[in-house]
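Down below is the structure, laid out as structure tokens.
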Amino acid sequence: MKRLLIIFAFLIICSFSRIASAQSHSDMVFQCAQEAGNNTEYLKDYVVKLPEANSQGIIPIHKNTAILLKNTHYRLTVCNSDDSEGQGIIHLYNNGKIVGSSIAPSGKIYSSFDFPCQKTGSYQIWISFKDGKEGFAVGILSFVNE
Amino acid sequence: MNQILYIFKKVQGFFLIIIFLSSCQTSVDNSDQNENAIQDTLISAMEIEVSEEALVDIVANIASPIEMAALMNRLGVPFSKVYLAGTSSVNVLNTNFQMAYKLGIFGADLGYLNMYEKASSAVEYISTIKTLADGLGVGQFFDYTTLKRLATNNQNLDSLMFLSVHSYNEIDSYLRETPNRSYLSSLMITGLWIEGLYLATQVASEYPHPDISERIGEQKIILNDLLNVLNLYKENQSFNEMIQDFEPLNVEFEKINITYEMGDPEIIEKDGMLVFVQNEKSIVDISEEQLNRIIEETKKVRNKLIGL
């Protein structure tokens, strides 16, 4: 009976912690969607938690695919968790070519970048952390409501 | 004491009747759930061996009724409730298969209502979606109370839009990641896509505009991906029938020519923003006749799905 109670309590704690974690992720997503700008509409989110680069220097990358539509002005935003060691970086690829990034040619890292799409198709959204550090961030795909 | 025993016996009898009735009810519900669970397993077993990653790649963001509705709104197309699917079909007995694609259809309608800030009309759709989500066992991802409050009070419409889209993303992720249930995600996406296309085609027939025609024409790319997903389950009769229903529409889309102009991207740092200008373009060549046939075929498929 005692063992049964312990298992029951464990299950309740597990389910509550899962709900709390999901809630916390949803809050992060909501805040990041707001940071994308007042005139934007949220489309997708990517909650990304990555370990640091391995001993060979291979940086972990979170990869996603999205279909983007011509004549839509997209904004890609990345928000770092308060306890994230690494700084999140977001890249956009189409057919293996980079078509957008939150790193400017000057090396400055932006929290978001705009991509007025001119070609409908499948795009790859990659999120990683600067210098291959361990990190926790949320990426948001939204569009600017013009 | 005898009186107390008499009352206890009466009350006991009452509770026994309640327990009996509720157990009958439960057995009916369980029977429905069991049938749906068997359906889940059978359909999933038919899935062609495809890696989870590949499936995710195919279905991720395949449908975007929000962008479609935003385009209509931007072009000044007036709102019309006539385009929307009636919610009464949800009241009849639905299988998991039907509930999943209807969840998509009503999701697209909710997106359209939200984009036009028709919060009071959205309440009915929010309730319908809740019924379907509960039926599919994903009601926990649909924050019905908050959504209904936001819509009823006609306040904080940005949050209403965010929460609606986010709930659908959560449902989609959960279904895709749960064994034996990824087929439901495919159906939900199918419903979202066909309703988004239906709204666009209805607008195109009433308020023709080249941007809307082009947006419809470029759905050729998406339909191709969508049919690839549906074909994974073609051994199932319901899926096979759905694929057959989509075939005439696919035939019309196949006639549309999409060409590409090449160009290198340019990077602009302006007003504290980083902008990537894409100089590669897709060009959709769609004639009025082709558009009219797509309008007709879309209507047939969509109306069959909602039982019209």
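The trypsin sites (Lys or Arg not before Pro) of the range A:14-118 meeting both criteria, a DSSP state outside H, G, I, E and B (loop) and at most 15 other C-beta atoms within 10 angstrom of the site's C-beta, are A:108. Separation of the range B:178-195 and the range A:123-142, taken as the distance between their Cα centroids, equals 27 angstrom.
Return the value, in Å² to the nearest 100, of accessible area buried between chains A and B (probe 1.4 Å, both sides summed).
Working: alone 9380 and 16640 Å², together 22200 Å².
Answer for the A-B pair: about 3800 Å² buried.
For the range A:57-79, heavy-atom accessible area (probe 1.4 Å) falls by no less than 20 Å² from the chain alone to the full protein assembly at A:65, A:67, A:69, A:70, A:71, A:72.
For the range B:82-183, which whole percent of the accessible surface, found with a 1.4 angstrom probe, sits on carbon and sulfur atoms?
Working: 1760 of 3740 Å².
Its accessible area is 47 percent carbon and sulfur atoms.
With a 10 Å cut-off around each Cβ of B:217-230, the average count of Cβ atoms from other chains is 2.
Note on residue B:288/residue B:262: beta-carbon distance plugged into 1/(1 + (r/R0)^6) with R0 of 25 Å gives a FRET efficiency of 0.30. With each label modelled as a point 7 angstrom along the Cα→C-beta vector, the residue B:88-residue B:228 pair spans 4.1 nm.
Take A:146, B:252, B:266 and sort them by solvent-accessible surface of the protein heavy atoms, 1.4 Å probe, largest at the top.
Accessible-area ranking of A:146, B:252, B:266, largest first: A:146, B:266, B:252.
Label sites at residue A:35 and residue B:178, each approximated as a point 7 angstrom past Cα along Cα to Cβ, lie 3.1 nm apart.
As a calculated quantity, the FRET efficiency between residue B:279 and residue B:152 at R0 = 41 Å, using C-beta atoms, amounts to about 0.30.
The values are calculated or read from the model by the stated rules, or taken from the named source; none is laboratory data. In this text, all values refer to a predicted model and were calculated from it rather than measured experimentally. When we count neighbours, we look across all protein chains shown, and the Cβ atoms used for this are built from the backbone with ideal geometry, even at glycine. Side chains included, ligands, DNA and RNA excluded: accessible areas come from the protein's heavy atoms. Shrake-Rupley method; radii C 1.70, N 1.55, O 1.52, S 1.80 Å.
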